[in-house]
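Below: the structure, in structure tokens.
The values are calculated or read from the model by the stated rules, or taken from the named source; none is laboratory data. Since the model is a prediction, treat every value here as computed from it, not as a measurement. Note that we place each Cβ from the backbone using ideal geometry, even for glycine, and neighbour counts take in every protein chain shown.
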Amino acid sequence: MSDVFTKSKRSAVLSQIRGRGNKATELALVKLFRRRKVTGWQRKIFRNQPRHKEVNRTLRKFGWRVFRIWQPVLKRKNEPRVLRKLHRALATACSMA
């Protein structure tokens, strides 16, 4: 799917997204990726649940796929499941491009 925004418009839209209180989640995700030698990912923006719903709706409206990872899921015992889901989501997104 081609981008519906110009580079400057995309920058303006994404600059309006603000994440707070997600440092521990991001660090846990970094550790998971490093343990599994996963590279090339970008930080995800996390907010409260109502904000998640609003952001999801907005992103989907513009053709984005949303994959949300919650910190409690990022435990070592859940790694295979999280990575399978992420791989499946990325593979599906790439095949649609």
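Restricting region 68-77 to residues that are assigned to a helix (DSSP H, G or I) and surrounded by 13 or more Cβ atoms within 10 Å (Cβ to Cβ), the residue that is modelled with the highest pLDDT is 73. Only one of the numbered conditions (1) at pLDDT 80 or above; (2) farther than 22 Å from residue 94 by Cα; (3) of a type in the set (D, E, K, R) is violated by residue 51, and that is (1).
Taking the condition modelled with pLDDT of 75 or more and closer than 24 Å to residue 79 by Cβ, does residue 37 pass? In short, no. Among the candidates 88, 65, 60, 81, the residue that is of a type in the set (Lys, Arg), part of a loop (DSSP other than H, G, I, E, B) and surrounded by 10 or more Cβ atoms within 10 Å (Cβ to Cβ) is uniquely 65.
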